[in-house]
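Have a look at the structure below, then the notes.
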Amino acid sequence: MDATTNRPMTELELVFRSWRGEPDAVEMARISNAANETDSVDERNSPQELLNYFSHPGEHFDAARDVVIVEHRGVAVGYGWHNWIDTTDGQREGRMGGYVHPDWTHRGVGRRLLHWLEARARASVLEHPTELPAVYGSWVDERRIGKRALLEQEGYAVARRFFEMRRDHLEEVSAAPMPDGLEIRAIPVDRASLRRLLDADAEAFQDHWGGWAADDAAFEEWLNDPSFDPSLYVVAWDRDEIAGAVINHIPRLENEAMGRRRGWLESVFVRRAWRRRGLAQALVTRSLEVLHERGMDHAMLGVDADNPTGAVGVYERAGFVVVNSSTAYRKPMEASPS
């Protein structure tokens, strides 16, 4: 029973309302950061970053229809979001994420939020028809025990596993040699050049499991991130062609909140024509040097545990070790909204 209402927990008077922009970004940060602290997840969100993340509508995501705030008596107790992607393994995936404030867990809020998001995913399939098999998808950090239990109770199954890897002692990095004929050059910072880099990244990841939408909305979200800094990027060129790159990122606001000096190798890619020549190793080691030069004392990256290009081995040779894992869950989607 809920002590404040004396009603069954699943019958709490919850309001599911649409997103209202900046004021909700503040509430989202409050809720997600409290959840992260409770689950011992060393991530923090800022209102600025969340506002940017949700403020660029496109075909695959529009906060006006795909974000929901859950309230109880006018107080935000959770939120969730949905987007969709036609994946590289031939699925129409409605991807869902969300948080419930720890003061409101174990009251049925998360389950009702999940059901709202599933209904939104089904509606999205009708809005954007496809012949691909449709599935729900969600991502779970191994430390989020409650979320994993909820998904498994609701019929979700493991689809893929991922690692988080960490590299300490950035002062002890030796750059691997560059393959013949390739050179490192800065990416120009005009919009056309940056769009070219994003497109090269998306092209390379067509050979990887899952996929993501590199549309105009994603491009604008990337450019407007509060910590956007293309001077951190390490880009390999074959004359005028981008052969591969590492899009490095220093989450300034999160580092300040956590009192640490962490950098991320946010995306590591090599295009098909330049693979199997040692380019990834050269890019990764140079990225570690860049992060060290910017004052970071450790680096992080995420990788598909079953990556077909041998990425885990590349990172281990560069001194990374696995420190955490996450799981992608999926469930077949009903044909139409209930």
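The values are calculated or read from the model by the stated rules, or taken from the named source; none is laboratory data. Predicted model only: the values in this text are computed from it and were never measured. Here the Cβ is made from the backbone with ideal geometry for all residues, glycine too, and neighbour counts use every protein chain on show. Remember, those area values only see protein heavy atoms, side chains included, never the ligands or the DNA or RNA. Shrake-Rupley method; radii C 1.70, N 1.55, O 1.52, S 1.80 Å.
Listed values, structure above:
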quantity: Qualifying residue in region 189-203 (condition: at pLDDT below 95, open to solvent by 60 Å² or more (accessible area, probe 1.4 Å) and either more than 27 Å from Phe54 (Cβ to Cβ) or touching a Pro at 6+ places or on another chain (Cβ under 7 Å) (or both)); calculated: no
quantity: Boolean, Arg95 is surrounded by fewer than 22 Cβ atoms within 10 Å (Cβ to Cβ) and of a type in the set (Lys, Arg); calculated: no
quantity: In region 59-79, residue least open to solvent (accessible area, probe 1.4 Å) [restricted to those that are assigned to a loop (DSSP other than H, G, I, E, B) and farther than 17 Å from Val125 by Cβ]; calculated: Gly74
quantity: Which numbered condition Gly278 fails, given (1) at pLDDT below 95; (2) more than 30 Å from Met96 (Cβ to Cβ); calculated: (1)
quantity: Residues that are surrounded by fewer than 17 Cβ atoms within 10 Å (Cβ to Cβ) and either of a type in the set (A, V, I, L, M, F, W, C) or over 28 Å from Leu170 (Cβ atoms) (or both), drawn from region 307-330; calculated: Pro308, Val321, Val322, Val323
quantity: Only one of Ser267, Ser325 that is under 19 Å from Leu194 (Cβ atoms), in contact (Cβ under 8 Å) with a residue 40 or more places away in the chain and among the polar types (S, T, N, Q); calculated: Ser267
quantity: Yes/no for Trp212 being within 16 Å of the chain's Cα centre (by Cα), surrounded by 16 or more Cβ atoms within 10 Å (Cβ to Cβ), part of a loop (DSSP other than H, G, I, E, B) and not hydroxyl-bearing (Ser, Thr, Tyr); calculated: yes
quantity: Identity of the residue in region 112-156, open to solvent by 20 Å² or more (accessible area, probe 1.4 Å) and acidic (Asp, Glu), that ends up farthest from the chain's Cα centre (by Cα); calculated: Glu131
quantity: Residue in region 216-225 that is free of Cβ contacts under 8 Å to residues at least 24 places away in the same chain and either in contact with a Phe, Trp or Tyr (Cβ under 8 Å, 6 or more places away or on another chain) or surrounded by fewer than 18 Cβ atoms within 10 Å (Cβ to Cβ) (or both) present; calculated: no
quantity: When residues of region 274-290 are limited to those that are out of contact with any Asp or Glu (no Cβ under 8 Å at 6 or more places or on another chain) and over 19 Å from Leu232 (Cβ atoms), the one most open to solvent (accessible area, probe 1.4 Å); calculated: Arg276
quantity: Positions within region 14-28 being open to solvent by 40 Å² or more (accessible area, probe 1.4 Å) and either at pLDDT below 95 or of a type in the set (Lys, Arg) (or both), in sequence order; calculated: Arg20
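For (1) closer than 24 Å to Arg143 by Cα; (2) open to solvent by less than 20 Å² (accessible area, probe 1.4 Å); (3) in contact with an Asp or Glu (Cβ under 7 Å, 6 or more places away or on another chain), each residue gets a yes or a no:
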position	(1), (2), (3)
Thr38	yes, no, no
Arg44	yes, no, yes
Gln48	no, no, no
Gln91	no, no, no
